[in-house]
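Engineer: Take a look at this one; I'll ask things after.
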Amino acid sequence: MLNFDEDLAQAYRYYQDLIFAVSQRSHSRLNQLLTTKLTVLPQPLQKVQRTLRQHKKEILHSFKHEAYTNGPVEGTNNKIKVIKQVAYGFRNFANFRIRILLALPNTYIAINWKNKQTARAKVQARAA
């Protein structure tokens with residue numbers, strides 16, 4: 001397919017170079033790719049390159065601070081959305097919240113909830 005259309009071949013090479021630069025966290029290679037003249041690239045890639053240029057600073061910061069990610073938060077949000085879709089029939093928010101806490105036992109919210117429940121049980125035990 002790449003032999004039949006030069007624009008497609010050029011777009012594919014540019015795309016592969018971008019993937020390589022990001023995977024290697026290469027500042028110089030990414031700078032080189034983003035300084036390519038827009039007129040040299042096929043039309044669809046011109047918009048992509050403009051967007052990448054606008055977010056270049058953030059992309060380079062992600063190279064520097066690779067240990068920090070919002071992946072766990074995104075995963076938690078996704079699980080909550082799935083529960084929300086499946087649990088359409090919950091009658092009140094308390095049941096919905098309990099279902100989330102059961103599905104996500106190691107999250108910050110669930111751990112704090114368990115700590116509050118333990119503290120409440122201790123207070124009730126002392127009062128009895």
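The values are calculated or read from the model by the stated rules, or taken from the named source; none is laboratory data. What you see is a predicted model, and the numbers here were worked out from it, not measured in a lab. Because the Cβ atoms are built from the backbone with ideal geometry, glycine has one as well, and the counts that use them run over all protein chains shown. Quick note on the areas: whole protein, heavy atoms, side chains included, nothing else; ligands and nucleic acids left out. Shrake-Rupley method; radii C 1.70, N 1.55, O 1.52, S 1.80 Å.
Engineer: Of all the residues that make up the range 1-37, how many are basic (Lys, Arg) and within 21 Å of Lys64 (Cβ to Cβ)?
Structural biologist: Here the count works out to 2.
Engineer: On to the next question. From the list Gln24, Gln32, which one is at pLDDT 85 or above, over 21 Å from the mean Cα position of the chain (by Cα) and open to solvent by 90 Å² or more (accessible area, probe 1.4 Å)?
Structural biologist: Numbers: Gln24 fails: over 21 Å from the mean Cα position of the chain (by Cα).
Of the residues listed, the single one that is at pLDDT 85 or above, over 21 Å from the mean Cα position of the chain (by Cα) and open to solvent by 90 Å² or more (accessible area, probe 1.4 Å) is Gln32.
Engineer: Follow-up question, since we're still on this one. In the range 35-128, which helices (runs of 4 or more DSSP H) lie fully inside it and hold 1 or more residues that are exposed (fewer than 10 other Cβ atoms within 10 Å of the Cβ), of a type in the set (Gly, Ala, Ser) and at pLDDT below 80? Walk me through how you get there before you give the answer.
Structural biologist: Working: elements: 43-54, 56-64, 71-86, 93-103, 108-127.
Where helices (runs of 4 or more DSSP H) fall fully within the range 35-128 and carry at least 1 residues being exposed (fewer than 10 other Cβ atoms within 10 Å of the Cβ), of a type in the set (Gly, Ala, Ser) and at pLDDT below 80, they are 108-127.
Engineer: Next up: List pairs: first in the range 54-71 and closer than 17 Å to Gln24 by Cα, second among the aromatic types (Phe, Trp, Tyr) and open to solvent by 100 Å² or more (accessible area, probe 1.4 Å), Cβ under 7 Å, 6+ apart or cross-chain?
Structural biologist: none
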